[in-house]
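Okay, so here's the structure we're looking at.
The values are calculated or read from the model by the stated rules, or taken from the named source; none is laboratory data. Fair warning: this is a prediction, and the values are worked out from it, not measured in the lab. With ideal geometry, Cβ positions are generated from the backbone for all residues, glycine too; neighbour counts draw on all protein chains shown.
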Amino acid sequence: MSRIGCMLRFCRLFIACLITPLALLHAADTPAIQITDRTVVFTHTSTDAKDPANTSGYNLGPSIALLPDGRLMAVWFSSPSEGAASQRIVQAFSSDQGRTWGAASVLQDFTGQADFDPVLFVAGSETFLFFSAFTPQIDIYFRRSSDSAKTWTEPVKLNQPNHTTRSNGIRLSSGELLVPLHLRGTKSGGVLKSSDGGQTWKRFGAVANPEGQGGEPTIAETKSGAVHMILRTKDGQLWRSISRDKGETWSATEKTGLTATSSASHLLCTRDGTLVLTSNPGPVPLRFPLLLRTSRDEGKTWSEPTLLADRPQKVGGWSTCYPSLTELPDGTLVALWAQIKSSTGELYGDIHSARITLKD
């Protein structure tokens, strides 16, 4: 081999030695996402939105939590059409970590009034259910259970007129509790905070983008102690705000750099500090597909998206939307979402779930 050939070979080997560790570092920094055990939690019972006997045809707005006794609990609102007077909140349970689900039953129903937008979260031995209802003005209520959802307290009204909850509540590293809420109409978001284990709640924040939009916020506390809020808007973008004082004040909103339709997203911080974001990428008004991304640097950068769910047929009228996630003791994530079909003379929605593994 010539002297020039030897030099070229040495250069190629040297460059390979430099690139390989960087490639491995990048691969280790972004978890591989594996989705398994896809299951239908609840299937619609009717497709006729005008049928008075239809109480469980349209199912939307699911929320999921890991109960203190190890079971998974799912809740959502069910009705012939969104906002119907017969709308109620139903529940289902899984005893095998989300692989299968039991029969649904009614959890909350103000007779003759629409109950909607349920939120589950667990703080120690306590399980909380937040929801909204027309009674007759829209307001937020909560119930709590100390025996893993076997029995519940009566609903308590929180006097937040024309506000609803939608996404997840969290227990902070300080032990305090936060539940996101927003003014209806995709307007400013904020949080309800409790420093006494859920006995009393105080409102903080009015977070919105420059156009005054900040609906259906979802929150997560990262390893640094910062609380991140992701907001629904109408401009095709996901916006973010951060609190560094446990939810009491919030930074000016900024774009995340991620496109989104005008629909709810879900943010979760795993025990190892990975942020997991589930959302619809848009464009507005499309609510499909449903994508999942991860971040290892507290939301500064995000992985390429993984497809969680898509419409079953490539025709109009389908949505896969309103995700909710929780983490199991082994680090597996379980996701819920709604699959909606809306067309002339036909309206229905089903609740779906899947198990998700993040691997380095």
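Residues that are aromatic (Phe, Trp, Tyr) and either free of Cβ contacts under 8 Å to residues at least 24 places away in the same chain or surrounded by 20 or more Cβ atoms within 10 Å (Cβ to Cβ) (or both) within region 192-204 comprise just one, Trp201.
When residues in region 171-191 are screened for being surrounded by fewer than 24 Cβ atoms within 10 Å (Cβ to Cβ) and β-branched (Val, Ile, Thr), 1 of them pass.
Gly175 - would you say it is assigned to a loop (DSSP other than H, G, I, E, B), among the small types (Gly, Ala, Ser), in contact with a Leu (Cβ under 9 Å, 6 or more places away or on another chain) and farther than 15 Å from Leu120 by Cβ? Explain how you work it out, then say what you get.
On the way: assigned to a loop (DSSP other than H, G, I, E, B): yes; among the small types (Gly, Ala, Ser): yes; in contact with a Leu (Cβ under 9 Å, 6 or more places away or on another chain): no; farther than 15 Å from Leu120 by Cβ: yes.
So Gly175 does not fit the description; no.
Filtered by the rule that a residue be small (Gly, Ala, Ser) and assigned to a loop (DSSP other than H, G, I, E, B), region 178-228 gives Gly185, Ser188, Ser195, Gly197, Gly198, Ala208, Gly212, Gly214, Ser224, Gly225, Ala226.
Restricted to region 325-360, and to residues there that are at pLDDT 95 or above and outside any strand (DSSP E or B), the residue that is surrounded by the fewest Cβ atoms within 10 Å (Cβ to Cβ) is Asp330. Kindly evaluate Val207 against the criterion of being surrounded by 22 or more Cβ atoms within 10 Å (Cβ to Cβ), over 21 Å from Lys255 (Cα atoms) and either in contact (Cβ under 8 Å) with a residue 40 or more places away in the chain or touching a helix residue (DSSP H, G or I) at 6+ places or on another chain (Cβ under 8 Å) (or both). So Val207 does not fit the description; no. Residues in region 242-260: is at least one closer than 25 Å to Leu60 by Cα, in contact with a Lys or Arg (Cβ under 7 Å, 6 or more places away or on another chain) and touching a residue at least 12 places away in the same chain (Cβ under 8 Å)? No - not one qualifying residue is present in region 242-260.
Has region 62-75 got any residue that is in contact with a Lys or Arg (Cβ under 8 Å, 6 or more places away or on another chain), assigned by TED's automatic domain parsing to the domain that holds Leu268 and not aromatic (Phe, Trp, Tyr)? For region 62-75, residues in contact with a Lys or Arg (Cβ under 8 Å, 6 or more places away or on another chain), assigned by TED's automatic domain parsing to the domain that holds Leu268 and not aromatic (Phe, Trp, Tyr): absent. Here Ala65 fulfils each of the conditions (1) assigned to a loop (DSSP other than H, G, I, E, B); (2) under 20 Å from the mean Cα position of the chain (by Cα) apart from (1).
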